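Encoded as structure tokens, the structure appears first; notes follow it.
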């Protein structure tokens, strides 16, 4: 069976890739397992050299990588270049810091000497999504490779070109053959990869359903998982803000990558006193965004990645409006060709509606009113998700006081939620478990080994 890459701007097929059969997949895993035996013996300096060369290639070739992302999943080229450059950053970050993060730690005990080592565990399978086709992979690969592990990538089927480009880039950077392999397989083949005895752990970024399936398969074989799943991030607007300035940031937070981001702001929980003004300002900002061809430098909102995603979004909007939500702006497709959808604002949303309860994976903002700071937090926590949150106030101390009460993996005060190599990233509740990035992330896939000398 072939995997297809389809341009969401035109609906035309870009490429077709024959899926690896079971024999080819098993052979690839065996090669990766063999590569691990050599890679684990390399020094941090050698590994860092590979990562620094990869970072330079990412920077030098950022435009071509951005164009590939635009063609395969619709990301505007300006955002694609920024994504490639962020991948270069995470490579440099771990090249600079991994040795310190994984240095043995002396622990006082009644032994003559006792310490903890952080040793690599072997091949790690990464099941990655299409929405940030380079960043999601390098966010895993940079720490995993610096720890001495090797990687197997099962990328989303519609971005197979990106997967193969990443494998090629790492090879050109000097990574040994087999130390990072892109498997050209569909979702049905993932469980068989997890079953392979050489595969030691799995990390997945994707939907709740995909995470549950992978966790179940790995659990049956006692293999560790890290899951970064969906989000319905709250964007809390307190009643002392500069409404126009915050609305401008809100529009960006909702529509980055056409709203197809787990950490995009989705539920705008606004205190009553400023809700009317905020609604008007946010609608104006959304209407001003440039929707168009992702290869055009001026485009701010490209197409959704697939037509079924457009249809899912339309269903959520229709069900919310039927339940009493008010359509302020947008709510329609753009153009006759491609997967374009207008930036949309729904007001009078309640937590029970589809737009207030489900993850909306597109440029649709749901405005929910709250009577007080405490009420806003209660609404924020009413979601099954808990990935990120942001709180906006002219009094940063007031906003920061709410952070401990918000159930999420991160809280940003007066800033958009984003991932940063220096900070741990991950969620709680149905947004998953485990952490990526920083020193926490690199220690997820190591053997934390106690050594005791009597």
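Just so you know, all these numbers are worked out from the coordinates, no wet-lab data involved. The structure presented is a predicted model; accordingly, all values stated were derived computationally and were not measured. Here Cβ is always computed from backbone atoms with ideal geometry, including for glycine, and neighbour counts include all displayed protein chains.
Relative contact order for the stretch 134-190: 41 percent, from Cα pairs under 8 Å spaced at least 6 residues apart, divided by residue count. The angle between the Cα long axis of helix 77-101 and the main principal axis of the chain comes to about 40°, on a 0 to 90 degree scale. When you count the other C-beta atoms within 10 angstrom of each residue and take the mean per peptide, 378-386, 229-237 line up highest first as 229-237, 378-386.
Set against the labelled values (1) 1.04; (2) 0.99; (3) 1.27, Rg/Rh (Cα atoms, Kirkwood Rh) computed from this structure falls on (2). Over the chain, Cα pairs under 8 Å with separation of 6+ residues give a relative contact order of 18 percent. What does the C-alpha gyration tensor say about the overall shape of the stretch 354-454? Classify as rounded when a/c is under 1.5, otherwise prolate if a/b is larger than b/c, or oblate. Prolate.
Available extension along the chain between residue 96 and residue 109 is 1.6 nm, counting 0.36 nm per residue and deducting the alpha carbon span. For the pair the stretch 20-51 / the stretch 265-298, the C-alpha centres are spaced 46 Å from each other. Could you give the angle, 0 to 90 degrees to the nearest 10, between helix 22-39's Cα long axis and the longest principal axis of the Cα atoms of the chain? Taking the Cα atoms of the chain, the angle to 22-39 is about 70 degrees. What's the angle, to the nearest 10 degrees (0 to 90), between helix 160-172's Cα axis and the longest principal axis of the chain? Result, in degrees: 40. Stretched out straight at 0.36 nm per residue, the stretch from residue 319 to residue 45 would grow longer than its current Cα-Cα span by 93.1 nm.
May I ask you to compute the full-extension gain from residue 192 to residue 312, defined as 0.36 nm times their residue separation minus their alpha-carbon distance, rounded to one decimal in nm? Let's see the in-between values first.
On the way: separation 120, 0.36 × 120 = 43.20 nm, distance 2.98 nm.
Once the chain is fully extended between residue 192 and residue 312, it gains 40.2 nm.
Using Cα centres only, tell me the gap between the stretch 114-135 and the stretch 68-92 in whole Å. Centre-to-centre distance over Cα atoms comes out at 20 Å. Secondary-structure-derived ellipticity at 222 nm for the chain, considering helices only, amounts to -13000 deg cm²/dmol, per-run term -39500 (n - 2.57) for DSSP H runs with n ≥ 4.
For the stretch 233-420, the relative contact order works out to 27 percent when only alpha carbon pairs closer than 8 Å and six or more residues apart are counted.
Of all DSSP-defined beta bridges confined to the stretch 233-420, some 15% are antiparallel rather than parallel.
Once Rg and the Kirkwood radius are both taken over the C-alpha atoms of the stretch 233-420, their ratio Rg/Rh works out to 0.95. In this calculation the C-beta distance from residue 378 to residue 288 is compared with R0 = 30 Å, giving a FRET efficiency of 0.40.
Reported to the nearest whole Å, the Cα centre-to-centre distance from the stretch 379-454 to the stretch 156-182 is 29. Annotation: the residues 69, 1, 353, sorted from fewest to most other C-beta atoms within 10 Å of their own C-beta, follow the order 1, 353, 69.
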